[in-house]
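The values are calculated or read from the model by the stated rules, or taken from the named source; none is laboratory data. Worth saying up front: this structure is predicted, and the values here are computed from it rather than measured. Using ideal geometry, Cβ is built from the backbone for each residue, glycine included, and neighbour counts are taken over all protein chains shown.
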């Protein structure tokens, strides 16, 4: 085998590509060494000796993330340094797969000098000279991300549970006041209380849908988005039947997820409440995409609503949106492989456009 040598750690060793082929030129080896040194992920090169991973090289990111100096760890069994108690058997399974030339990928906990952290682990095996087995173990630190996800889930579940129960009491008491009092001022106050409680309840439902969209990582599939539009409009039209015009064909396939119905409903509901009637839902197709337009005759969406959603502006107390309907639509569109756009038409109408990928024949 025509091998090249590359110096990563002050020593010269043979290196091969991940496909098991030798580097064809020194420039390719130099580029790989550059990547090895500069990548933010922790990378360890190991040699499997009797299925035990022995450290042959580590990059600077490994030293920083795990806290071990390369002089202390090179030539030593990797698992003795980074595998926490209680998960040794799973780590040995990874090592066996690497020794068999099979890749690995998993979420794992690993020991560092500052404590246990969580990583996305990827193991890439390759065969060295004389049949020796090597591999790269790549660790991406996701500790903060995982903590945030857990905190977010707990907070959302507690808030949804408490909100649902408390709002049910508030709405029931508001309805009771409206039906039992003859005082116009009290009736007006009870109606206002009920309306705001219903609005908060609707926001809670949108939050639940948003959590599903963001956490379940669904894949888009061919769906009849014309039917999704009709379902969304019908649910809003129960209260605003005279204010909505539906302009969609019977059938229109696009790549979507079922939650797209909730995203369309949120946009239509916002247009009815905050825009000017009539609100039109129009569905069209081009060679490049399927477009769902929600149009109204209003003056447009305020900049403090559109800035954080469409311009990635920081959300501040003075620059924020009042609801999550736009966020729900934007992120649902992204999950579908599409986009959400906002503009004003030549005729002066407010337009929100959901673009989706067409179904390819």
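Here residue 249 passes the criteria (1) assigned to a helix (DSSP H, G or I); (2) in contact with a helix residue (DSSP H, G or I) (Cβ under 9 Å, 6 or more places away or on another chain); (3) within 13 Å of residue 292 (Cα to Cα) except the one numbered (1). Quickly run through the stretch 258-273 and pick out the residues that are surrounded by fewer than 22 Cβ atoms within 10 Å (Cβ to Cβ) and in contact with a strand residue (DSSP E or B) (Cβ under 9 Å, 6 or more places away or on another chain). Across the stretch 258-273, the qualifying residues are 258, 272.
Are any residues in the stretch 344-361 within 24 Å of residue 256 (Cβ to Cβ) and assigned to a strand (DSSP E or B), and if so, which ones? Answer for the stretch 344-361, where residues must be within 24 Å of residue 256 (Cβ to Cβ) and assigned to a strand (DSSP E or B): 350, 351, 352, 353, 354, 355, 356. Those helices (runs of 4 or more DSSP H) of the stretch 48-134 in which at least 1 residues are modelled with pLDDT under 90 and more than 21 Å from residue 37 (Cβ to Cβ), considering only elements entirely within it, cover 88-99. Scanning the stretch 341-356 for residues that are touching a helix residue (DSSP H, G or I) at 6+ places or on another chain (Cβ under 6 Å) and either within 12 Å of residue 301 (Cβ to Cβ) or not assigned by TED's automatic domain parsing to the domain that holds residue 224 (or both) returns 342, 352. Residues 276, 285, 303: which one is at pLDDT 90 or above and surrounded by fewer than 19 Cβ atoms within 10 Å (Cβ to Cβ)? Result of the check over 276, 285, 303: 285.
Could you tell me whether the stretch 131-144 includes any residue that is within 23 Å of residue 60 (Cβ to Cβ), surrounded by fewer than 16 Cβ atoms within 10 Å (Cβ to Cβ) and out of contact with any strand residue (DSSP E or B) (no Cβ under 6 Å at 6 or more places or on another chain)? Yes, some residue in the stretch 131-144 is within 23 Å of residue 60 (Cβ to Cβ), surrounded by fewer than 16 Cβ atoms within 10 Å (Cβ to Cβ) and out of contact with any strand residue (DSSP E or B) (no Cβ under 6 Å at 6 or more places or on another chain).
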